1. Taking DSSP loops as anything outside H, G, I, E and B, show the longest stretch in the chain free of GluC sites (Glu not before Pro) there with at most 16 other beta carbons within 10 Å.
2. What percentage of the solvent-accessible surface of segment 113-155, computed with a 1.4 Å probe over protein heavy atoms, is contributed by carbon and sulfur atoms?
3. Give me the percent of the accessible area of segment 1-78 that comes from carbon and sulfur atoms, probe 1.4 Å, all protein chains in place.
4. Report the gain in length on full extension from Asp102 to Arg229: 0.36 nm times residue separation, minus Cα-Cα distance, nm rounded to one decimal.
5. Give me the accessible area per residue for segment 252-332, probe 1.4 Å, as a whole number in Å².
6. Measure up Lys95/Lys334; Lys259/Lys334; Lys125/Lys305; Lys166/Lys243; Lys2/Lys103; Lys125/Lys255 against 20 Å on the Cα-Cα distance and list the ones that go over.
7. Quick check for you: with a 1.4 Å probe and neighbouring chains kept, what is the accessible area per residue of segment 60-201, in Å²?
8. What trypsin sites (Lys or Arg not before Pro) in segment 106-212 are in a loop by DSSP, with at most 15 other Cβ atoms within 10 Å of the Cβ?
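The values are calculated or read from the model by the stated rules, or taken from the named source; none is laboratory data. Given the structure is predicted, the values throughout are model-derived calculations rather than measurements. Methodologically, a virtual Cβ is constructed for each residue, glycine included, from the backbone with ideal geometry; neighbour enumeration extends over all protein chains shown. SASA here: full protein model, heavy atoms, side chains in, ligands and nucleic acids out. Shrake-Rupley method; radii C 1.70, N 1.55, O 1.52, S 1.80 Å.
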Amino acid sequence: MKILAIESSCDETSIAIISDGKLLSNVISSQIKAHQIFGGVMPEVASRLHAENILYVLDEALRSANITLEDIDAYAFTRGPGLIGALHIGMQVAKTLAMLYDKPLIPVHHLAGHIYANEFNNELKFPLLSVVVSGGNTELVYMKEHLSFEIIGETRDDAVGECFDKVARTLGLSYPGGVIIDRLAKEGEDTYELPLPLHDGSLDFSYSGLKTAVINLVNNEKQRGNEIRVNDMCRSFENVAIKMIVDRTLKAAKKYDIKQIVLAGGVSANSYLRDEMIRLFSSSGIELIIPPLSMTGDNAAMIAKLAEHLYHRGLTCSLSISADSNWPIEDYDKF
Ligand code: KG4
């Protein structure tokens with residue numbers, strides 16, 4: 001059983017081929033350089049570059065898996081959430097191939113894919129708590145079994161990755177800022193006082209106040225003619241941003257009876273988050289699953305992995321399906 005999966009929800013064009021759980025290829029073409037001059041992802045540019053690159057990525061994915069399209073049994077694609085124009089490119093290619101070869105089409109939820117990326121290296125054990133932290137989303141997802149997703153906490157405004165990227169831009173750092181802040185924070189001290197928002201005891205997150213606090217602090221210091229100590233600001237900001245994730249995870253782990261904590265999404269590459277999670281959970285009796293760095297960012301391997309589960313549940317769709325930029329994870333089987 002071979003599935004070809006396409007991911008195009010944001011600024012990575014990626015195609016992977018999986019054969020009964022074994023990854024045969026996972027080609028990723030990143031658009032990061034094209035978006036850097038804008039300081040963030042420019043949706044129209046993302047769509048155009050997906051359209052320009054996707055057939056080269058397809059060709060390379062088939063070549064490195066050493067197979068042809070005749071060998072593929074089903075086509076999977078990221079249906080959402082993501083940038084609507086970008087999603088459409090991947091979906092359209094998947095639909096075209098499914099129609100041409102008369103094969104099933106599998107719509108895949110992007111964030112659920114991030115969670116299932118961990119299955120390449122670990123068996124998922126239920127019930128589990130997944131900490132999904134990325135550029136577009138910040139969610140705590142409770143899974144009592146395979147393909148059961150319940151959001152028990154989420155951001156009320158910005159996503160944590162978006163906050164990292166905007167703070168980086170305020171400090172004059174390049175896009176995407178998360179990885180740069182992570183690096184510079186290691187050289188800095190926690191000297192700037194920043195607010196830790198939302199003390200209502202809930203499992204929700206809030207990042208817009210923290211972002212605004214950094215912007216105001218930087219502007220005030222500039223007006224006074226003071227230099228910003230960038231490394232110290234990165235350290236101070238990262239401490240608060242990550243503390244919010246760790247705090248909610250600890251609360252959720254107390255409230256829910258779970259066997260595993262599973263990190264997922266681009267921000268799970270953050271070294272301070274990883275260290276803190278290991279420090280707090282390594283002797284807690286709850287198994288901590290941290291994805292390899294290669295599986296933290298957007299890639300089609302994770303879409304392929306989840307697509308196998310969906311296929312076995314019969315979750316295929318017709319060619320009339322449309323993309324959904326705000327598809328809730330709980331509705332992963334409604335399309
Ligand atoms: O999951 P992802 O690749 O894209 C989305 O689906 O959103 O996540 C990208 C986000 C960006 O905001 C990026 O700055 C952030 O992940 N990121 C990091 C790190 N590496 C990537 N944030 C903090 N620390 C990192 N090391």
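1. On the way: sites that count: Glu123, Glu145, Glu187, Glu189, Glu193, Glu227.
Maximal segment without exposed cleavage sites: 1-122.
2. Working: 500 of 1350 Å².
Summing carbon and sulfur atoms, their accessible area is 37 percent of the total for segment 113-155.
3. Details: 1820 of 3440 Å².
About 53 percent, which is the carbon plus sulfur part of the accessible surface.
4. Contour length minus the Cα-Cα distance gives 39.8 nm.
5. Numbers: 3520 Å² over 81 residues.
For segment 252-332, the solvent-accessible area averages 43 Å² per residue.
6. Values: Lys95/Lys334 18 Å; Lys259/Lys334 28 Å; Lys125/Lys305 16 Å; Lys166/Lys243 18 Å; Lys2/Lys103 11 Å; Lys125/Lys255 18 Å.
Check vs 20 Å cut-off fails for Lys259/Lys334.
7. On the way: 5760 Å² over 142 residues.
Accessible surface, normalised per residue, equals 41 Å².
8. Numbers: sites: Lys125, Lys144, Arg156, Lys166, Arg169, Arg183, Lys186, Lys211; in loops: Lys125, Lys144, Arg156, Lys186.
Taking segment 106-212 and a limit of 15 other Cβ atoms within 10 Å, the loop trypsin sites (Lys or Arg not before Pro) found are Lys125, Lys144, Arg156, Lys186.
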